[in-house]
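Since the structure comes first, as structure tokens, the remarks are kept for the end.
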Amino acid sequence: GQNIDQPTEMTATEGAIVQINCTYQTSGFNGLFWYQQHAGEAPTFLSYNVLDGLEEKGRFSSFLSRSKGYSYLLLKELQMKDSASYLCSTGGGNKLTFGTGTQLKVEL
Amino acid sequence: NAGVMQNPRHLVRRRGQEARLRCSPMKGHSHVYWYRQLPEEGLKFMVYLQKENIIDESGMPKERFSAEFPKEGPSILRIQQVVRGDSAAYFCASSSGQGATNEKLFFGSGTQLSVL
């Protein structure tokens with residue numbers, strides 16, 4: 001089975017940097033995804049890591065350590081529009097399992 | 001290029017009625033996934049379908065729930081004899097076919113089902 005843990009909520013200041021951690025236990029692993037979900041909207045893809053290390057994409061970066069079952073999403077130069085839920089997900093076979101999401105609130 | 005289309009956006013049903021949720025995948029996608037999301041909870045996998053085939057329904061409740069993805073037309077998630085506990089947001093996602101766990105999913109805007 002799959003088990004994914006991430007903090008329930010975080011608060012950060014506009015312009016700052018925030019790191020959202022995710023730990024996982026999975027019986028099969030084909031990669032780790034991060035999705036962003038604004039309230040009442042569809043989740044949208046942010047990043048995918050399948051090898052260890054850091055993947056950088058603009059203001060967002062994602063890190064993976066397969067041996068530790070650990071990933072983080074790093075958001076730089078925070079903007080108010082970054083206030084959303086961030087979902088960590090992974091899985092094996094056909095089933096992608098999602099964490100409960102980290103609700104990020106960006107304040108002035 | 002239209003994304004994943006779900007309708008209706010909101011659906012209200014009374015206990016005992018049937019709910020039919022529709023999903024049209026992105027153009028060129030032949031793989032559809034249904035997820036359920038309860039307030040304060042994560043997305044829970046329900047079922048994975050390809051055209052005319054159910055590939056994995058391990059997340060579907062054994063009773064009252066069914067899904068199909070016919071050769072022509074949208075995928076349908078059907079809930080018979082709805083109960084209040086079925087109230088949730090139901091999201092559909094599609095992919096091009098390499099499998100959900102090594103390619104990104106494109107999600108629809110969801111159907112919010114409310115059971116009175």
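The values are calculated or read from the model by the stated rules, or taken from the named source; none is laboratory data. Every value quoted in this text rests on a predicted model; they were computed, and no experiment measured them. FYI the Cβ positions are ideal-geometry reconstructions off the backbone, even for glycines, and counts take in every protein chain you see.
Taking the stated definitions as given, is A:THR100 among the β-branched types (Val, Ile, Thr) and in a loop (DSSP other than H, G, I, E, B)? Criteria met by A:THR100. As for the stretch B:59-71, it holds no residue that is of a type in the set (Phe, Trp, Tyr) and under 26 Å from A:ASN49 (Cα atoms).
For the stretch A:1-60, which positions are of a type in the set (Ser, Thr, Tyr), in contact (Cβ under 8 Å) with a residue 12 or more places away in the chain and in a strand (DSSP E or B)?
Within the stretch A:1-60, the subset of a type in the set (Ser, Thr, Tyr) is A:8, A:11, A:13, A:23-24, A:26-27, A:35, A:44, A:47-48.
From what is left, the residues that are in contact (Cβ under 8 Å) with a residue 12 or more places away in the chain are A:8, A:11, A:13, A:23-24, A:26-27, A:35, A:47-48.
Result: A:THR11, A:THR13, A:THR23, A:TYR24, A:THR26, A:TYR35, A:SER47, A:TYR48.
When each of A:SER71, A:SER89, A:SER62 is tested for being under 30 Å from B:VAL32 (Cβ atoms), in contact with an Asp or Glu (Cβ under 6 Å, 6 or more places away or on another chain) and either at pLDDT 95 or above or at the interface with chain B (Cβ under 9 Å from one of its Cβ atoms) (or both), the lone residue that passes is A:SER62.
Annotation: A:ALA39 fulfils all but one of (1) surrounded by 15 or more Cβ atoms within 10 Å (Cβ to Cβ); (2) closer than 20 Å to B:LEU105 by Cα; the unmet one is (1).
Within the stretch B:40-50, not a single residue is within 12 Å of the chain's Cα centre (by Cα), part of a loop (DSSP other than H, G, I, E, B) and surrounded by 16 or more Cβ atoms within 10 Å (Cβ to Cβ). The combined condition, being part of a loop (DSSP other than H, G, I, E, B), out of contact with any Asp or Glu (no Cβ under 9 Å at 6 or more places or on another chain), farther than 23 Å from A:LYS95 by Cα and modelled with pLDDT under 95, is not fulfilled by B:GLU103.
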